[in-house]
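Down below is the structure, laid out as structure tokens.
The values are calculated or read from the model by the stated rules, or taken from the named source; none is laboratory data. Everything quoted here is computed from the prediction, not taken from an experiment. Only protein heavy atoms, including side chains, enter the accessible area calculation; ligands, DNA and RNA are left aside. Shrake-Rupley method; radii C 1.70, N 1.55, O 1.52, S 1.80 Å.
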Amino acid sequence: MRTQLELWQVVKDNFDEYFHSGLCILISRLYIKGIISIDESNSIYNEIKRYGYTRDFFLGDEGDPKPRLEFIEKMIKKHSENAITENK
């Protein structure tokens with residue numbers, strides 16, 4: 001399985017092609033298309049849930065890509081910083 005950093009980068013790299021209304025649907029599409037595995041999709045979902053996921057669109061209005069892209073960038077930054085710290 002890929003690292004969280006690698007997984008969030010995959011999400012970002014495929015965002016424009018597969019984003020429709022929210023991150024959960026995007027992640028489901030990445031799994032259905034075979035871009036990520038079921039374990040990888042579960043790993044991403046679990047991380048999203050730790051940031052206060054609810055059934056409401058917690059990252060802004062449905063279909064608005066901007067807050068989702070900001071969240072993805074936040075996750076990439078977080079995991080990049082963690083990777084640097086771990087490699088010291």
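Would you check which residues across region 13-26 are in a helix (DSSP H, G or I) and either open to solvent by less than 80 Å² (accessible area, probe 1.4 Å) or at pLDDT below 95 (or both) and list them?
If the condition is that a residue be in a helix (DSSP H, G or I) and either open to solvent by less than 80 Å² (accessible area, probe 1.4 Å) or at pLDDT below 95 (or both), then N14, F15, Y18, L23, C24, I25, L26 are the ones that fit.
If I ask for residues that are open to solvent by less than 80 Å² (accessible area, probe 1.4 Å) and in a loop (DSSP other than H, G, I, E, B), which ones from region 57-82 would you list?
If the condition is that a residue be open to solvent by less than 80 Å² (accessible area, probe 1.4 Å) and in a loop (DSSP other than H, G, I, E, B), then F58, L59, G60, G63, D64 are the ones that fit.
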